[in-house]
1. So which of 201, 180, 216, 227 ends up being open to solvent by 10 Å² or more (accessible area, probe 1.4 Å) and modelled with pLDDT of 95 or more?
2. Please enumerate the residues belonging to region 479-502 that are part of a helix (DSSP H, G or I) and surrounded by 19 or more Cβ atoms within 10 Å (Cβ to Cβ).
3. Looking only at region 503-531, count every residue that is part of a helix (DSSP H, G or I), closer than 19 Å to residue 544 by Cα and of a type outside the set (A, V, I, L, M) and tell me the total.
4. Cβ-Cβ under 7 Å, sequence separation 6+ or interchain: first residue in region 442-455 and farther than 23 Å from residue 471 by Cβ and at pLDDT 95 or above, partner open to solvent by 30 Å² or more (accessible area, probe 1.4 Å) and assigned to a helix (DSSP H, G or I). Which pairs?
5. What number of residues within region 189-219 satisfy the criterion of being of a type in the set (Val, Ile, Thr) and more than 22 Å from the chain's Cα centre (by Cα)?
6. For region 318-354, what are the residues that are part of a loop (DSSP other than H, G, I, E, B), open to solvent by 10 Å² or more (accessible area, probe 1.4 Å) and of a type outside the set (Gly, Ala, Ser)?
7. How many residues, within region 507-536, are surrounded by 16 or more Cβ atoms within 10 Å (Cβ to Cβ) and either in contact with a Lys or Arg (Cβ under 9 Å, 6 or more places away or on another chain) or of a type in the set (A, V, I, L, M, F, W, C) (or both)?
8. Here's a check for you: in region 187-198, which residue that is out of contact with any Phe, Trp or Tyr (no Cβ under 9 Å at 6 or more places or on another chain) and open to solvent by 20 Å² or more (accessible area, probe 1.4 Å) is nearest to residue 320 (Cα to Cα)?
Amino acid sequence: MEIRKRKNADGDGDGAASVNSGDDPNPSSDSSKSSRVTRSTRRIFLSCLAFRVVNALLIQTYFNPDEHWQSLEVAHRTVFGYGYLTWEWKRGIRSYLHPMLFAFLYKVLHLTGLDTPYVMSKAPRLMQSVLSAVGDLYLYKLSDALYGENVATWSLFCQMANWFMFFCMNRTFSNCLETVLTIMGLYYWPCIRDPSKAHPVNRKWGLVIAALACAVRPTSAIIWLYVGTLELFLTPNKVKFVVLEVIPIGSLVLGFTCLLDRMMYGSWVIVPLNFLKFNFLSSGGDYYGTHPWHWYFSQGFLVMLFTFTPLSIAGIIKSKDKKLSALILWVLTVYSLLGHKEFRFVLPVLPIALIFSGYALAQMEASVPSSITKKKQVPRKKNIVKWSPKLVLSVLFLLVTNVPMALYMSLFHQRGTEDAMNYLSEEAYKGRIKSILFLMPCHSTPYYSTLHSNIPMQFLDCTPSEEKGRFDESDRFMMDPLGFASELAGNWSEPPSHIVLFASEETKLRDFIIQRSFKEVKRFFHAHFKVDRDLQSSVVVYANIEE
C-alpha cells in the first residue's frame, strides 16, 4: 500500500512524500541503485557538455548587443581597466552579478597569459557551454522526475535539436543563465513534482536558486511569483514557508547582490527597484521598439519552438500537467503586457515547452511483446520498444527543419560584425591600428571585450533621451549619413586610422571616404536578407592610407 502526504517537520522535504510498505529494506540495493543513478547522471552531463562545446564553437554570428555590451564589456572593464559602460550602468538598472562570472574568466586568462585575441573571442561562449550543459542535465532530471526516463530522453533530444536553443543558449546573455537557473530551481520545488529516492525535493535550494535568478534578471520574478504562490497554496505550513524560508533566503541573496553592487558602483544601488521603475513603471524599454500585445503568441514564441509547436501542444494536452502548462501561459501573458518584446525574454520557458514535446514523442513509441529464450531457461516475455512509423517521420521532420536553421543562423546570418571585430583585434594585437570609428547603428559590433586593445574607438551613441522626439546620433546618421559624417569630420583633431561601416551606408559615403584618403582593406559577408533595416549585406573596413 502506498501512502502520500506533505511533510511538515522538514522544510527541505516539504512536498508530497511517497512511502511504500513494500520498499526493499536491503540498504545495499539502495546503494547500488544510487551508484547507477550517479553514473548515469555523469554520463548524461558529459555528453551534454561535449555537444554544447561544439555548439559554442559553431556560433560565429551576432544576435543582440546585450550579449557583448551588458556582460563581456562590463567584465572586461572590471579586469583590464578599459571597456565601455552603456547608459544602463550609469543609471544603476543592471547588477554586476552576471558580468562577474566572466570577470573571473578574464582574470584567469590574464594571470595565465592566455588572453590572446582568439582565446578572448572563444572563451566566454565556452564557459557558457558549461552552464548550458548543467541546464540540459537538469532538464533531463526534471523530465525524469515528472514523467519517467523515456520522456526525459526524448525531452533532452528536443532540447538539443531545437534550433533556437542551439542558436541562443551558448551566448553570454543574462537570459541564458536565467534559463539554466529556472530549470534547476523548478526541479527542487515540491509544488512542481512529487519527490522520490532518485529525485528528492529541496525547497530551500529551490528558493536560493530562484533568488539568484531574480538577482541576475529581476524580471525572473514573474516566473517565481507563480511558483511561490502555487507552493504557498499547497504547503500545509504557510507561516514557516514565508517567515522561515522566503524572507531569510530572499534577504540574504538581496543583501549579497546589494553589497556587490555597492562595491562596484561606489554607492548604494538597489538594482531591482531601478529596473522596475525603468521597464515597468515608465516603459523605458519601449524606446527600443514595440510590438503588438499578441506578438509572443502569434509570432515570437512560435518562431522559437518552430516545428516543435504541434508536439508541445499535443504534450500539454496528453500529459494533463496543468502546473507547467499554466506557467508557460502566465509568463507569455505577463510579458505580452510590455510594449518592448524580444525572443530571449521568454527563453526560460522554452525548455518547459520542449519537455512537453518530449512527452508527445514518447507517446508515439510502441511497446511490442516478444519471446526471448535464454539457453537452459524457460522462455519469458519482454517488451521491446519499437519506433512507430509516425515517430520515425516526426524525428526526421524535426531534424530536417531544425538542423539547417540552427546552422544557418549560427554560422552565416549576421556574422560580418563579429568577423570584422576579430580581424581588427588581430590587427590591433600586431600594432597596426591606432583608432577606429564605427559609422553604423549603435552597438552593431562587439567592442573592447573582443578587440582587447586599449586604443581610442568611437561609435554612434543611442542613449535614451528624456526629451521626446529628440534624435540620438545613431538616428541622425541613419537619416542623413553624409551630412552627419561631414559634421563629425569637422570636429576631428586627427582622423581615425580605420572606419567600419555597413555596405548599405558605404554607397552613400563613398566620396566622403575617398576624399579623406581612406581605402578599403577588408570586406566581410554579413547577411543574405534584411532584418529590421536596409539589407546589410556586408561589413567594410577602411584604413587611412596616410597613416
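The values are calculated or read from the model by the stated rules, or taken from the named source; none is laboratory data. Treat the numbers as computed from the prediction; the structure is a model and nothing was measured. A quick note on method: Cβ atoms are made from the backbone with ideal geometry, for glycine too, and the neighbour counts reach across all protein chains shown. For the accessible areas, the whole protein counts, side chains as well, though only heavy atoms, and no ligand, DNA or RNA atoms are used. Shrake-Rupley method; radii C 1.70, N 1.55, O 1.52, S 1.80 Å.
1. Details: 201 fails: modelled with pLDDT of 95 or more; 180 fails: open to solvent by 10 Å² or more (accessible area, probe 1.4 Å); 227 fails: open to solvent by 10 Å² or more (accessible area, probe 1.4 Å).
Answer to the check: 216.
2. Selection gives 481, 484, 485.
3. Residues flagged as part of a helix (DSSP H, G or I), closer than 19 Å to residue 544 by Cα and of a type outside the set (A, V, I, L, M) within region 503-531 amount to 8.
4. Once the first residue is farther than 23 Å from residue 471 by Cβ and at pLDDT 95 or above and sits in region 442-455, its partners that are open to solvent by 30 Å² or more (accessible area, probe 1.4 Å) and assigned to a helix (DSSP H, G or I) give 450/121; 450/422; 453/429.
5. At the first step, the residues of region 189-219 found to be of a type in the set (Val, Ile, Thr) are 192, 201, 208-209, 216, 219.
Subsequent filtering for residues that are more than 22 Å from the chain's Cα centre (by Cα) retains 192, 201.
Count: 2.
6. From region 318-354, those part of a loop (DSSP other than H, G, I, E, B) are 320-321, 337-342; that's our starting set.
Then keep just the ones that are open to solvent by 10 Å² or more (accessible area, probe 1.4 Å); that gives 320-321, 337-340, 342.
Residues satisfying the conditions are 320, 321, 337, 338, 340, 342.
7. Here the count works out to 8.
8. Result: 194.
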